[in-house]
Amino acid sequence: MSTGSLSSPTVLAASRAVSRAARGRALILIASLLLAALCVTQVLHNLGVVGAGFADWRPIALAYLLWALALGRGLVLVRRERGHRALFLLPALLFTLAMVIFPTVFGLYIAATDWNLSSLTGVHFNVLGNFTTMLHDAFFWTALGNMVWYVLSVLAQYAIAFGLALLLNAEIRARKFFRVVFLLPFMLSPVAVSWMIGKSIMEYRFGPAATLARLLGWETPAFFATPWVARASIMAMDSWMWIPFVMVLLLAGLQALPHEVAESAKVDGANPWQAFWKITFPLMLPVSVTAVILRIIFELKLADIVINVTAGGPGGATDTVSSFIYREYRDRSNVGYGTMLAEFYLIIIIVFVSILLSVVSRWLRRVT
Amino acid sequence: MSAHAAAVARHTPRHRSRAARRLQRFGSHTLIYGALLLWAFISLFPIYWTITTSFKVAVDVTQGHLVPWLDFEPKWRGWRALGLSPQMLTMSSPSRDEFLLRFGNSVVAAVGAAVVAVVIGSLAAYGLARFEYRFGPWRNKDISFFFLSQLILPPVVLALPFLILYKELVLLDTKLGLIMVYTLMVLPIVIWIMRDQFMAIPYELEQAAYVDGATTWGAFLRIVLPIALPGMTAAFILSVILCWNEYFFAALLTSTDAKTLPVMVASQTGSQGIDWWTMAALSTAAILPLVLIGIFLERYIVKGLTAGAIK
């Protein structure tokens with residue numbers, strides 16, 4: 001008797017918990033089925049198999065949103081505390097999955113076709129055709145070769161940024177002023193910089209940079225006429241905008257260094273040059289590697305200033321892969337081939353960055 | 001006596017070396033400040049050039065005048081073409097309407113995306129910093145890596161599929177569409193910054209709140225969030241800057257309605273024979289908000305850039 005009176009609330013609670021979990025599971029299941037049914041209907045509608053369906057895919061996006069809400073509510077019902085915890089992660093995860101998975105998968109499909117927005121003959125599969133076109137596309141390979149130079153220019157940016165970080169870390173007056181001023185180029189929009197520097201300061205007739213170059217003895221200061229000069233000009237602009245980023249990271253690294261290290265170097269009688277190479281530089285290696293790798297990853301996306309200043313000229317000498325593909329879309333509407341190039345470039349990037357990361361981390365482990 | 005001699009002997013070389021050291025210090029100071037001023041000039045000159053050029057007329061441009069009032073008289077011509085000069089402000093001006101529309105689009109897209117990214121990014125970062133997740137074989141580390149790996153995706157890879165996707169979703173040339181792309185773009189950065197911020201907050205604070213009966217969400221909203229606010233501000237400002245400057249997606253995905261300021265600037269650059277003063281005024285207007293942010297909020301930008309990268 002006494003046991004019964006004890007257990008009945010427990011049993012009740014347990015059965016309530018079970019029904020709660022069951023309700024949660026049912027909610028998720030129904031929502032998923034509804035979403036799947038809507039998707040299938042819409043696909044069939046677009047293929048012309050069934051008449052029912054929406055004019056566009058917007059309702060499906062809305063359905064995905066509702067499904068996400070139902071999923072969250074269901075998880076809370078089923079898992080309670082763990083469900084609540086999952087709610088923190090779910091919005092970002094579902095958003096990223098929806099925004100990345102579809103374009104990647106669909107991108108693979110586009111890349112396999114001869115899709116041209118201005119062609120009237122429709123879309124056909126054209127994997128081999130795209131691939132052979134790519135192999136024989138001299139402009140694409142030039143652009144890819146240019147990327148090697150652009151990535152190498154990151155090392156020069158790193159050297160300058162390190163110098164600036166050391167200067168800002170020294171005992172100087174008006175440090176705040178210099179820090180703000182040095183950071184400013186990073187804030188400016190690449191498109192505005194394209195005009196400010198590329199199209200006006202470096203302009204052949206009236207630009208102050210051209211005037212200065214004439215004063216220094218270069219009689220025809222055309223910054224974008226010959227391949228190497230043009231590439232160097234683009235690099236200079238790109239460096240101008242990105243050196244602050246590397247500098248900020250290195251400066252933070254320098255400020256995090258323990259003070260005793262510098263003191264002990266001074267006591268040992270090492271001159272600043274030796275102290276830098278023997279002590280500061282090795283200690284800064286991890287930060288340097290982070291900064292350079294981040295910078296390389298961003299450099300691989302370089303496009304805006306090339307599109308707006310040279311449009312890849314002269315003769316593709318300044319083209320980056322991104323700016324080349326951009327023109328393939330914009331000027332030739334060559335969607336299929338452009339996407340093929342983009343996917344190929346993505347594979348190169350992934351391979352390159354993973355090799356870089358593993359080589360660097362192995363090297364760091366050996367050095368430190 | 002001998003002590004005195006010793007003192008003198010000790011004193012003289014030190015005296016000489018102090019003079020030498022002072023000379024050396026003077027030299028190194030000159031070098032340091034010289035280098036600092038040179039780079040400050042390199043950083044500031046393009047901005048100075050753009051702002052002053054917006055007050056020039058043709059003669060000042062062709063003759064290479066540099067200093068206002070000294071070698072040229074500032075005129076409002078560039079700003080008048082934008083409809084933003086003092087006497088134009090009272091009149092109606094189609095070019096000003098166009099500019100304000102683009103400016104507004106940029107503000108909506110940048111701020112909207114930054115808000116969304118900071119909200120969902122902070123939530124995810126908190127979850128990743130505090131709880132153990134398991135989705136099949138995926139652990140916290142893999143999920144974090146998944147978010148971070150989005151950073152290496154170049155925009156060109158996503159651009160075309162997005163063009164098609166947005167056409168189907170009727171999101172082409174809408175601000176909502178831009179906000180979604182930009183959110184995707186800055187989300188990894190926000191998660192990176194915020195995960196670092198949350199990890200720096202001691203877990204004991206929440207544990208104390210749990211003892212007092214707070215729920216997971218209650219402890220997060222009432223205890224953790226206020227402490228993490230500076231970090232969130234940093235992430236927000238950095239996101240706004242990145243979105244404000246974005247050009248690639250805006251150029252492909254928007255046309256008449258949702259076109260942003262960088263696309264407007266770029267379309268003006270492309271046309272031949274555009275007046276320099278107008279372009280300069282337009283560029284000035286496009287970079288001025290950022291220059292102001294840079295001057296007044298430098299602390300937060302540096303905090304955002306260095307979070308996670310420096311231990």
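The values are calculated or read from the model by the stated rules, or taken from the named source; none is laboratory data. Because the structure is predicted, anything quoted here is derived from the model rather than measured. With ideal geometry, Cβ positions are generated from the backbone for all residues, glycine too; neighbour counts draw on all protein chains shown.
Values for this structure:
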{"quantity": "Qualifying residue in the stretch B:75-98 (condition: in contact with a Gly (Cβ under 6 Å, 6 or more places away or on another chain), more than 11 Å from chain A (Cβ to nearest Cβ) and crowded, with 17+ Cβ neighbours inside 10 Å)", "calculated": "yes"}
{"quantity": "Residue within the stretch B:103-110 that is under 22 Å from B:VAL263 (Cβ atoms) and either exposed (fewer than 15 other Cβ atoms within 10 Å of the Cβ) or acidic (Asp, Glu) (or both) present", "calculated": "yes"}
{"quantity": "Count of residues meeting criterion [more than 13 Å from A:ALA111 (Cα to Cα) and surrounded by 13 or more Cβ atoms within 10 Å (Cβ to Cβ)] in the stretch A:124-144", "calculated": "7"}
{"quantity": "Among (1) within 8 Å of chain B (Cβ to nearest Cβ); (2) over 16 Å from B:VAL156 (Cβ atoms); (3) aliphatic (A, V, I, L, M) - the single one A:ILE350 does not satisfy", "calculated": "(2)"}
{"quantity": "Unmet requirement for A:LEU168, which otherwise passes all of (1) closer than 25 Å to B:ALA285 by Cβ; (2) facing chain B (nearest Cβ under 9 Å); (3) of a type outside the set (Gly, Ala, Ser)", "calculated": "(1)"}
{"quantity": "Scope the stretch B:240-295; condition of a type in the set (Gly, Ala, Ser) and not in a helix (DSSP H, G or I); matching residues", "calculated": "B:SER255, B:ALA258, B:SER271, B:GLY273"}
{"quantity": "When residues of the stretch A:75-98 are limited to those that are within 18 Å of B:LEU169 (Cα to Cα) and surrounded by fewer than 20 Cβ atoms within 10 Å (Cβ to Cβ), the one modelled with the highest pLDDT", "calculated": "A:LEU94"}
{"quantity": "Yes/no for A:PRO91 being within 31 Å of the chain's Cα centre (by Cα), in contact (Cβ under 8 Å) with a residue 12 or more places away in the chain, part of a helix (DSSP H, G or I) and under 30 Å from B:THR215 (Cα atoms)", "calculated": "yes"}
{"quantity": "Some residue of the stretch B:183-204 being of a type in the set (Lys, Arg) and within 13 Å of chain A (Cβ to nearest Cβ)", "calculated": "yes"}
{"quantity": "Residue check for A:ILE305: hydrophobic (A, V, I, L, M, F, W, C), more than 9 Å from chain B (Cβ to nearest Cβ), out of contact with any helix residue (DSSP H, G or I) (no Cβ under 6 Å at 6 or more places or on another chain) and in contact (Cβ under 8 Å) with a residue 24 or more places away in the chain", "calculated": "no"}
{"quantity": "B:PRO202 being without any contact (Cβ under 8 Å) to a residue 60 or more places away in the chain and either out of contact with any helix residue (DSSP H, G or I) (no Cβ under 7 Å at 6 or more places or on another chain) or of a type in the set (D, E, K, R) (or both)", "calculated": "yes"}
{"quantity": "Those residues of the stretch B:157-173 which are within 7 Å of another protein chain (Cβ to nearest Cβ) and touching an Asp or Glu at 6+ places or on another chain (Cβ under 7 Å), in sequence order", "calculated": "B:VAL157, B:GLU168, B:LEU169, B:VAL170"}
{"quantity": "Scan of the stretch B:200-219 for residues that are within 32 Å of the chain's Cα centre (by Cα), surrounded by fewer than 15 Cβ atoms within 10 Å (Cβ to Cβ) and either polar (S, T, N, Q) or in a helix (DSSP H, G or I) (or both), ordered by number", "calculated": "B:TRP217"}
{"quantity": "Residue in the stretch A:336-346 that is surrounded by 17 or more Cβ atoms within 10 Å (Cβ to Cβ) and in contact with a strand residue (DSSP E or B) (Cβ under 7 Å, 6 or more places away or on another chain) present", "calculated": "yes"}
{"quantity": "Condition check for B:LEU153: within 10 Å of chain A (Cβ to nearest Cβ) and touching a helix residue (DSSP H, G or I) at 6+ places or on another chain (Cβ under 9 Å)", "calculated": "yes"}
{"quantity": "Total residues in the stretch A:104-129, condition among the aromatic types (Phe, Trp, Tyr) and in a loop (DSSP other than H, G, I, E, B)", "calculated": "1"}
{"quantity": "Yes/no for A:SER354 being in the same structural domain as A:PHE281 (by TED's automatic domain parsing) and loosely packed, with under 11 Cβ neighbours inside 10 Å", "calculated": "no"}
{"quantity": "Flag for B:GLY231 being without any contact (Cβ under 8 Å) to a residue 12 or more places away in the chain and more than 18 Å from B:PHE103 (Cα to Cα)", "calculated": "no"}
{"quantity": "Exclusive hit being away from chain B (no Cβ under 13 Å), within 27 Å of A:GLY315 (Cα to Cα) and touching an Asp or Glu at 6+ places or on another chain (Cβ under 9 Å), set A:SER153, A:SER194", "calculated": "A:SER153"}
{"quantity": "Complete set of residues in the stretch B:149-194 that are crowded, with 24+ Cβ neighbours inside 10 Å and farther than 15 Å from B:PHE248 by Cα", "calculated": "B:LEU187, B:VAL190, B:ILE191, B:ILE193, B:MET194"}
{"quantity": "Complete set of residues in the stretch A:30-83 that are outside any helix (DSSP H, G or I) and within 14 Å of chain B (Cβ to nearest Cβ)", "calculated": "A:GLY53, A:PHE54, A:ALA55, A:ASP56, A:TRP57, A:ARG80"}
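Listed here are the residues, each with its yes/no results for (1) free of Cβ contacts under 8 Å to residues at least 12 places away in the same chain; (2) among the charged types (D, E, K, R); (3) facing chain B (nearest Cβ under 8 Å).
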{"residue": "A:SER323", "(1), (2), (3)": "no, no, no"}
{"residue": "A:ASP331", "(1), (2), (3)": "yes, yes, no"}
{"residue": "A:ASN334", "(1), (2), (3)": "no, no, no"}
{"residue": "A:GLY338", "(1), (2), (3)": "no, no, yes"}
{"residue": "A:GLU343", "(1), (2), (3)": "no, yes, yes"}
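The rows are residues; the columns are (1) of a type in the set (Gly, Ala, Ser); (2) touching a helix residue (DSSP H, G or I) at 6+ places or on another chain (Cβ under 7 Å).
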{"position": "B:THR90", "(1), (2)": "no, no"}
{"position": "B:SER93", "(1), (2)": "yes, no"}
{"position": "B:ARG96", "(1), (2)": "no, yes"}
{"position": "B:ARG139", "(1), (2)": "no, no"}
{"position": "B:ILE143", "(1), (2)": "no, yes"}
{"position": "B:ILE191", "(1), (2)": "no, yes"}
